[in-house]
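One structure below.
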Amino acid sequence: QRTSVMIDNKSNCNMVITIKGGGLEKKIPVGKQKLGHAMVNRNQQYTISGKVCGKNYRSTKYITDSYTITLK
């Protein structure tokens, strides 16, 4: 089964977020003040990383249901 990961970019910078885990790697471009999303397999651990206005972002999350990340 699959579920969605949403990226809510509230910053004034464009970004590319990488989601790795569960046998997949996805790069999600997200424009400033926009939403991006990807479908991933449920019940897997993912590393979510990227740069937000020059600052590194990295998080590890075990995803069981739809998940939203808000970046500022």
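The values are calculated or read from the model by the stated rules, or taken from the named source; none is laboratory data. Please read these numbers as outputs of a predicted model, since none were measured by experiment. Glycine also receives a Cβ, built like all others from the backbone with ideal geometry; neighbour counts cover every protein chain displayed. Please note that ligands, DNA and RNA were not included when accessible areas were found on the heavy atoms of the full protein model with its side chains. Shrake-Rupley method; radii C 1.70, N 1.55, O 1.52, S 1.80 Å.
Data for the structure
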item	result
Boolean, K51 is open to solvent by 80 Å² or more (accessible area, probe 1.4 Å), touching a residue at least 24 places away in the same chain (Cβ under 8 Å), in contact with a Lys or Arg (Cβ under 9 Å, 6 or more places away or on another chain) and assigned to a strand (DSSP E or B)	no
Tally, over the stretch 22-40, of residues that are in a strand (DSSP E or B), at pLDDT 95 or above and either open to solvent by 20 Å² or more (accessible area, probe 1.4 Å) or closer than 13 Å to S4 by Cα (or both)	11
Of the criteria (1) exposed (fewer than 15 other Cβ atoms within 10 Å of the Cβ); (2) in a strand (DSSP E or B), which one M6 fails	(1)
Qualifying residues in the stretch 33-57 (those that are more than 14 Å from the chain's Cα centre (by Cα) and among the basic types (K, R)) - the one nearest to G22 (Cα to Cα)	R42
Conditions (1) assigned to a loop (DSSP other than H, G, I, E, B); (2) more than 15 Å from Q1 (Cα to Cα); (3) in contact with a strand residue (DSSP E or B) (Cβ under 9 Å, 6 or more places away or on another chain); (4) open to solvent by 80 Å² or more (accessible area, probe 1.4 Å): number failed by D65	(2)
Residue within the stretch 16-26 that is hydroxyl-bearing (S, T, Y) and over 20 Å from K72 (Cβ atoms) present	no
